[in-house]
Amino acid sequence: MRRMRYLDLTLPTAAENLALDEALLEEAEALGRPAQTLRVWEPAGLAVVVGRSSTIADEVHVEACLRLGVPILRRTSGGSAVVIGPGCLMYALVLSLQLRPELRAVKLAHRRVLGKLADALGRRVPGVCCRGTSDLAIGEGDPTKDPKKVSGNSVRLKRDHLLYHGTLLYNFPLEWADRLLAMPPRQPDYRRGRAHGAFLANLPLEAASIRQVLKTAWEATEPHPGWPRELTGRLAAERYANPEGGWS
């Protein structure tokens, strides 16, 4: 199996960063051969990111976002709305379906990717576990506490590759989730109806440590030779500048 490429790059805006995740997927598809990449980035400011099929009015406090100048963006993958910003490390994996054909089954993709991340993080933070469909939580094994979510994730499948990306909270002001997000229409059982601030938690790790965990877990040792600037710019302008525009 070819070594995985690594890209640590944060672009100026949330729209450009989401566009780059998708552009890396499209770049891999266009190569005509397996290409795998781990990318990490961290937002410079707050943003609300909704899933590909989310109804914004049902998941987001839109008036609060408008009043506070927080952009609402739509990603290429599924799932519910999240708030991102400084203190929330973002990662994206582009994985080859030729090299990993079992990942064509979305449920198995969640189990395989999150299982690897849980094992790797669990070596530094005891009690990291997979919960719900696509969450990582901490607090497993403590009978006095319900597990709290530290990572939400989603997937986008193409013909030969998939994009698996998500959040890793480490120093994020959790009160923003209650201010900007409504209660999600779909909730995992382990949430038990908790408000965002009571349901979420930060990993007790520094960003540099999380980066190293990701690189080691995925053996991402090959520097990415470059990133698709033109495609990223086009996607940012055509799709991500408007949460309701450019999607099918």
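The values are calculated or read from the model by the stated rules, or taken from the named source; none is laboratory data. Here the structure is a predicted model, which is why all the values come from computation and not from measurement. We place every Cβ from the backbone using ideal geometry, glycine too, and count neighbours over all the protein chains shown.
Below, the figures for the structure above:
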{"read-out": "Flag for R229 being under 23 Å from G45 (Cα atoms), more than 19 Å from the chain's Cα centre (by Cα) and surrounded by fewer than 19 Cβ atoms within 10 Å (Cβ to Cβ)", "value": "yes"}
{"read-out": "Subset of the stretch 184-226 (residues that are farther than 20 Å from V50 by Cα, buried (at least 17 other Cβ atoms within 10 Å of the Cβ) and out of contact with any strand residue (DSSP E or B) (no Cβ under 7 Å at 6 or more places or on another chain))", "value": "L205, V213, A217"}
{"read-out": "L231 closer than 21 Å to E27 by Cα, at pLDDT 95 or above, touching a Lys or Arg at 6+ places or on another chain (Cβ under 9 Å) and among the aliphatic types (A, V, I, L, M)", "value": "no"}
{"read-out": "Inter-residue pairs, beta-carbon under 8 Å, first closer than 18 Å to S151 by Cα and touching a residue at least 60 places away in the same chain (Cβ under 8 Å) and in the stretch 205-228, second part of a helix (DSSP H, G or I) and among the basic types (K, R), 6+ apart", "value": "A217/K116; W218/K116"}
{"read-out": "Qualifying positions in the stretch 50-83 - out of contact with any Gly (no Cβ under 9 Å at 6 or more places or on another chain), aliphatic (A, V, I, L, M) and either more than 10 Å from L181 (Cα to Cα) or surrounded by fewer than 22 Cβ atoms within 10 Å (Cβ to Cβ) (or both)", "value": "I56, A57, V62, A64, L66, L68, I72, L73"}
{"read-out": "Condition met for K149 (of a type outside the set (S, T, Y) and part of a helix (DSSP H, G or I))", "value": "no"}
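Here's the yes/no breakdown for (1) under 24 Å from H110 (Cα atoms); (2) touching a helix residue (DSSP H, G or I) at 6+ places or on another chain (Cβ under 7 Å):
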site	(1), (2)
P34	yes, no
W41	yes, yes
V48	yes, yes
H61	no, yes
A64	no, yes
P71	no, yes
S77	yes, no
S80	yes, yes
